[in-house]
């Protein structure tokens, strides 16, 4: 029942210094307050585009037909 | 590791045969559409302690069970809550901005227990496996979520009315009952099938809590111009005095859609959830729910989900910059009005004329006219929509 069971978890990643310097220049005057926040933003954007559907615990054709029947009954489908 | 529940229930029979064509649709949030419905548990339910919960909580359970709140499978545990409050993300880094919390109904429970939750109004009967019991700094929570600790803010008042004792864990829905307006309610699985059947690849969602005036129609049709279909998704439920009744909102939209929308380009379905008035954070939450319904775009207006003067008019636009991985595209609209010079509805990006030529769409003014039993001017509200509203003896919540 402790109020602080968990601390923020961050890890350190090394990138080439010239790249870090380039990024620092790049983010000057933007809303990014640090190199880390920019790198985190970019990585989230990249990774989200690569993630795959975990596989909807999906419908059988029969399930899908039941849904279509309901949609027709409610007037959503002809 | 999750503690194994003493309840041995069997998840709803589902195959791995996915709907083939959904690949064009956005993935559910967290990449999996949650389904927490179950067949009858093999254990006798009578052995499990049962507690009556309020209707809002039972709506949360329904939204978890049918995937509206995907990827949540239950009420937040400490780690997730702490990340949501401080990072606007779940502990696994998935964007999530609004805490979904549960106050234990008794002190006579412990981690590892399972309890049964019921609600008479919704007929919800659900099991909650208790994974975590904790306290939290609710003052800090209010400040982070609502940007204020002022108890005049309805969201803060709600949080402060809660006991500082929370329970996190997975829910399994055993039963719910039919209710008024069910014919307008679709689950994310159903909307995904619907959109696929309509051949829509890009769908913009519009949230509302009011009957449509001309300004709303302008926003919807402007957005619709660039996508395949619009999903009009009114939030219904608890209202305050003076608000339009749910049945009035639904009837007025039906009228608008019948007369002014192409049948194959617009659908309406309700969403039952409580407003938190968390402004920008709630805009993200609203977008996530619509992503789970299968929408690719979400309309965000001025002061979205705001109340009073707690948020800047476009804070709900700015917050989207923090989420490159949200997976739904916000469509931002600033304030709009009718310009007597242009002779059309305009916004501040497209009209060069002075404010003196602009007539704002005032919901308050339209309401006053309707209260007198009169039809508002046609450049404010469609005549058919106004007439529909006036067919109700008491269109407003008293």
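The values are calculated or read from the model by the stated rules, or taken from the named source; none is laboratory data. Worth saying up front: this structure is predicted, and the values here are computed from it rather than measured. Counting neighbours? That spans all protein chains shown, and the Cβs are built from the backbone with ideal geometry, glycine included.
Remarks
- Of all the criteria given as (1) touching a helix residue (DSSP H, G or I) at 6+ places or on another chain (Cβ under 6 Å); (2) crowded, with 18+ Cβ neighbours inside 10 Å, the one not satisfied by residue B:121 is (2).
- Restricting attention to the stretch A:5-29 and to residues that are within 14 Å of chain B (Cβ to nearest Cβ) and surrounded by 10 or more Cβ atoms within 10 Å (Cβ to Cβ), the residue that is modelled with the lowest pLDDT turns out to be A:6.
- All positions within the stretch B:56-76 that are surrounded by 23 or more Cβ atoms within 10 Å (Cβ to Cβ), in contact with a strand residue (DSSP E or B) (Cβ under 8 Å, 6 or more places away or on another chain) and part of a loop (DSSP other than H, G, I, E, B): B:66, B:68, B:76
- Consider the stretch B:9-38 and keep the residues that are at pLDDT 50 or above, in contact with a strand residue (DSSP E or B) (Cβ under 8 Å, 6 or more places away or on another chain) and in a loop (DSSP other than H, G, I, E, B). The one that is farthest from residue B:115 (Cα to Cα) is B:35.
- Test: residue in the stretch B:295-303 that is farther than 22 Å from residue B:224 by Cβ and not in a strand (DSSP E or B): yes
- Summed over the stretch B:248-275, residues that are more than 18 Å from the chain's Cα centre (by Cα) and in a helix (DSSP H, G or I) total 10.
- Residue list for the stretch B:377-398, filter: modelled with pLDDT of 95 or more and touching a helix residue (DSSP H, G or I) at 6+ places or on another chain (Cβ under 9 Å): B:381, B:382, B:384, B:385, B:386, B:387, B:388, B:389, B:390, B:391, B:392
- Highlighted here are the helices (runs of 4 or more DSSP H) found entirely within the stretch B:89-206 that include at least 3 residues which are in the same structural domain as residue B:253 (by TED's automatic domain parsing) and either closer than 30 Å to residue B:298 by Cβ or in contact (Cβ under 8 Å) with a residue 24 or more places away in the chain (or both): B:188-198.
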